Amino acid sequence: SAAGPDSAAGRADRISCRIRAADGTWRHVESTVSLYRQPGGPDRLLVTARDVSDQVALRRQLTHLTFHDGLTGLPNRAYLEERARDLLSSAAGQRGGARGETGAIFLDLDGFTAVNDSVGHGAGDLVLAQAARRLRAAVPSHDIVARWGGDEFSVLVENAASAQEIVDIAERLGSVIAAEPFRVVDRDVLLTASIGVALADESESEHLLRNADVAMSRAKDSGGGRVEVFAAHMHADVVRRLELATDLREAI
């Protein structure tokens, strides 16, 4: 029932909570509590409740879709970038304290374009899904494995015991990709991976993901199927090549 405009007084308070329904399920409820007065009668509280479980489920689904890849189910680039910013910002505030090593690993499937060209994009998607499962199984559960885009994957290692442990994870990822063929359209496809590793030192932490990407490109340029650890000269080489290409276009 609803009260008339002059029979209700005070501010309405909104409360969100969960309640257990008769069938044992938990429902999300949004309630409004307000003071209800009638002349000559005692003050009462008027409580209205609305089941908002469907809206809550929709918001969660949208959040999941925003930060996860639809094909592999892994976190996507947006999630990894946000998590990396939070992690590096937190690490910067704790410098000098005891904390593990932070690093990023970028991985690109060598020869994946040939898979799409020979057996189609649908089969290529199957390869990506299989690769995602292999990578996720090879990385400690507390570290993030994400699909960066296309046939590129990335790993954010948050608290390794040492820099060598991060490199060991990268080498393990290369092994699980190359160890067994991928089964697609009744044929076996052998792939390797080009892998780049970057460590979050104090001078380069804000460029962690970029550095891992640069190291991965160096691994691919060197023939693929290998792990490269980022060094400062790699980025300088990339910048020089870009500048040279720009100068050549301008000269032509």
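The values are calculated or read from the model by the stated rules, or taken from the named source; none is laboratory data. A quick note: this is a predicted structure, and the numbers were derived from the prediction, not measured. We place every Cβ from the backbone using ideal geometry, glycine too, and count neighbours over all the protein chains shown. For accessibility, only protein heavy atoms count, side chains too; no ligands or nucleic acids. Shrake-Rupley method; radii C 1.70, N 1.55, O 1.52, S 1.80 Å.
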In nm, the gap between the two label points placed 7 Å beyond Cα toward Cβ at SER16 and ARG133 is 3.6
Rounded to the nearest 10 Å², the 1.4 Å probe accessible area of ASP117 is 120
Using the Kirkwood formula on alpha carbons, the hydrodynamic radius of the range 12-149 in angstrom works out to 20.2
Expressed in square angstrom to the nearest 10, the accessible area of THR192 with a 1.4 Å probe stands at 60
Rounded to the angstrom and largest first, Cα extents along the principal axes for the range 117-195 equal 42, 22, 19
